[in-house]
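The values are calculated or read from the model by the stated rules, or taken from the named source; none is laboratory data. Note that the structure is a prediction, hence the values are computed from the model and not measured. Heads up, the Cβs are rebuilt from the backbone with ideal geometry, glycines too, and the neighbour counts pull from every protein chain shown.
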Amino acid sequence: MNKAADPLEMIQAPSLAGPHEGYMPGFGNDFETEVLPGALPQGMNSPQKCNYGLYGEQLSGTAFTADPPERTWCYRIRPSVKHSHRYTKIDLPYWKSAPCVDPDVASLGQYRWDPVAHDGADLTWLTGMKTMTTAGDVNTQVGMASHVYLVTESMQDAYFFSADSELLVVPQEGRLRFATELGIIDLEPQEIAIIPRGLVYRVEVLDGPARGFVCENYGQKFELPGRGPIGANCMANPRDFKAPVAAYEDREVPSTLTVKWCGQFHETKIGQSPLDVVAWHGNYAPYKYDLKTYCPVGAILFDHPDPSIFTVLTAPSGVPGTANIDFVLFRERWMVAENTFRPPWYHKNIMSELMGNIYGQYDAKPQGFIPGGMSLHNMMIPHGPDKNAFEGASNSNLGPEKLENTMSFMFETRFPQHLTEFAAKEAPLQDDYIDCWSDIEKKFDGTPGMK
Ligand SMILES: [Fe+2]
């Protein structure tokens, strides 16, 4: 089951020692990095001949005319046309794309799942990706999908890219290596990674089995939220995001590249590793972020702000203030609000909320929402604290209290989320979740007083 092997060697660019070793800090910077000295042209992008016999190639993550454009110039052993041959359609039955509305599956309701367990099957990043919900439409580049991944095996001479989406990866157990065209990202729980649309990579298991969550963003890229009156500091700080230094391999072995394109999967056979970028510069790159560096801001006198105060990254839709996806983090923090019901209040939300637990206890649901588990509170479906959380928070002494041992997250989207057949029929759905609110009492009897 645990088939973690030594990762394949890639030749990495030299980098500074210390906390940023192997990475370059900053969010959306215009980075430059080269493994071999002089591999990166200076002062221009497309010289008549590139040093070392490399090929220059641009990877565009936005339209050329977007403001600002996101693109990266790669200097590589072979141009990508050599990493693409005829395509054959293949089936990955558990990886679904929107629209995916199963007439036999209800999505209207409150749902909660226990962790999806490993069952002994050998699974890679591709075969172990199991879609829980889909929203929007992959063909028109709006919406998202949420997945659970179960990975036990490294991809062997196999590579992947998604033309449909950027992937936000939230590990919960195990460590993975993302060996990408633009460098190496090693990822463990309490970190996240963003793998951009169109970027080729393979996933290796460093410490398995691995389990986690993925938000597949069909729309505009994730960006840092505007902080508004919070100002220049706190929440997620740009310097804590890390892009990899360049790394390449010169492996001439029969290989397979799988492509996700408009919800379908296709394979192409090639004769070498496509991870052959020796130098690159630009602002379209994978990155990772340590969730422990997220600086939460909240109420320091009374009341409970909207969860948007905990947004780490936001992927805009065309409507200002209305995200295609917000990625929101609920982590350790102090609770100090006076005369306040401190947990999340009861609510109905036009946005739909998919949550996952990375570790510990979530304050609105001390039982039942366990590490590795997920919940879905869909568009306009009421939810909130269970009976015990409500009574506890209504009657506790309101001194300063630290919420310890807690890290959960939310993928919140403006679109309703549809359960897949897997989520409804195979994943460990808690049939009794709705009962967590059943014994909430009527306290009102027409007489005044706090009850
Ligand atoms: Fe909610």
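Regarding GLN110, is this residue farther than 20 Å from LYS96 by Cα, in contact with a Phe, Trp or Tyr (Cβ under 7 Å, 6 or more places away or on another chain) and either surrounded by fewer than 21 Cβ atoms within 10 Å (Cβ to Cβ) or in the same structural domain as ALA424 (by TED's automatic domain parsing) (or both)? Don't jump to the end; show me each part of the working.
Working: farther than 20 Å from LYS96 by Cα: yes; in contact with a Phe, Trp or Tyr (Cβ under 7 Å, 6 or more places away or on another chain): yes; either surrounded by fewer than 21 Cβ atoms within 10 Å (Cβ to Cβ) or in the same structural domain as ALA424 (by TED's automatic domain parsing) (or both): yes.
Answer is yes for this residue.
Which strands (runs of 3 or more DSSP E) sit wholly inside the range 300-363 and have at least 3 residues that are of a type outside the set (Phe, Trp, Tyr) and within 15 Å of the ligand (Cβ to nearest atom)? If you could, list the steps in order and put the result at the bottom.
On the way: elements: 311-316, 323-335, 352-360.
Because the criterion is at least 3 residues that are of a type outside the set (Phe, Trp, Tyr) and within 15 Å of the ligand (Cβ to nearest atom), the strands (runs of 3 or more DSSP E) in the range 300-363 that meet it are 323-335, 352-360.
In contact with a strand residue (DSSP E or B) (Cβ under 9 Å, 6 or more places away or on another chain), crowded, with 22+ Cβ neighbours inside 10 Å and under 29 Å from SER80 (Cα atoms), is that true of VAL148? So that I can check it myself, show each step before the final result.
On the way: in contact with a strand residue (DSSP E or B) (Cβ under 9 Å, 6 or more places away or on another chain): yes; crowded, with 22+ Cβ neighbours inside 10 Å: yes; under 29 Å from SER80 (Cα atoms): no.
Answer is no for this residue.
Within the range 258-277, how many residues are surrounded by 23 or more Cβ atoms within 10 Å (Cβ to Cβ) and under 21 Å from GLU9 (Cα atoms)?
Selection size over the range 258-277: 5.
Just name the residue that is farthest from the ligand (Cβ to nearest atom) out of those in the range 383-410 that are within 15 Å of PRO343 (Cβ to Cβ) and in contact with a Gly (Cβ under 7 Å, 6 or more places away or on another chain).
Result: THR406.
Sort through TYR159, TYR149, TYR218 and tell me the only one that's among the hydroxyl-bearing types (Ser, Thr, Tyr), within 17 Å of the chain's Cα centre (by Cα), within 19 Å of THR124 (Cα to Cα) and at pLDDT 95 or above. Explain how you work it out, then say what you get.
On the way: TYR159 fails: within 17 Å of the chain's Cα centre (by Cα); TYR218 fails: within 19 Å of THR124 (Cα to Cα).
Matching residue, one of TYR159, TYR149, TYR218: TYR149.
Residue by residue through the range 103-140, note down the ones that are farther than 19 Å from SER375 by Cα and of a type in the set (Asp, Glu).
Within the range 103-140, ASP104, ASP119, ASP122, ASP137 meet the criteria.
Please work out which residue is farthest from the ligand (Cβ to nearest atom), limiting yourself to the range 364-382 and to residues that are at pLDDT 95 or above and part of a strand (DSSP E or B).
The residue in question is MET374.
Any chance you could count how many residues in the range 65-80 are assigned to a loop (DSSP other than H, G, I, E, B) and of a type in the set (Lys, Arg)? Break it down into steps so the answer makes sense when it comes.
Within the range 65-80, the first condition is being assigned to a loop (DSSP other than H, G, I, E, B), and the residues that meet it are 65-70, 77-79.
Next, only the ones that are of a type in the set (Lys, Arg) stay: 78.
Result for the range 65-80: 1.
Give, as residue ranges, the strands (runs of 3 or more DSSP E) completely inside the range 226-275 that count at least 3 residues that are within 30 Å of VAL138 (Cβ to Cβ) and outside the structural domain of TRP125 (by TED's automatic domain parsing). Walk me through it before giving the result.
Details: elements: 241-244, 255-261, 264-270.
No strands (runs of 3 or more DSSP E) qualify here.
Might you check whether a residue that is surrounded by fewer than 22 Cβ atoms within 10 Å (Cβ to Cβ), more than 16 Å from the ligand (Cβ to nearest atom), more than 28 Å from PRO400 (Cα to Cα) and without any contact (Cβ under 8 Å) to a residue 24 or more places away in the chain occurs anywhere in the range 278-286?
Looking through the range 278-286, none of the residues is surrounded by fewer than 22 Cβ atoms within 10 Å (Cβ to Cβ), more than 16 Å from the ligand (Cβ to nearest atom), more than 28 Å from PRO400 (Cα to Cα) and without any contact (Cβ under 8 Å) to a residue 24 or more places away in the chain.
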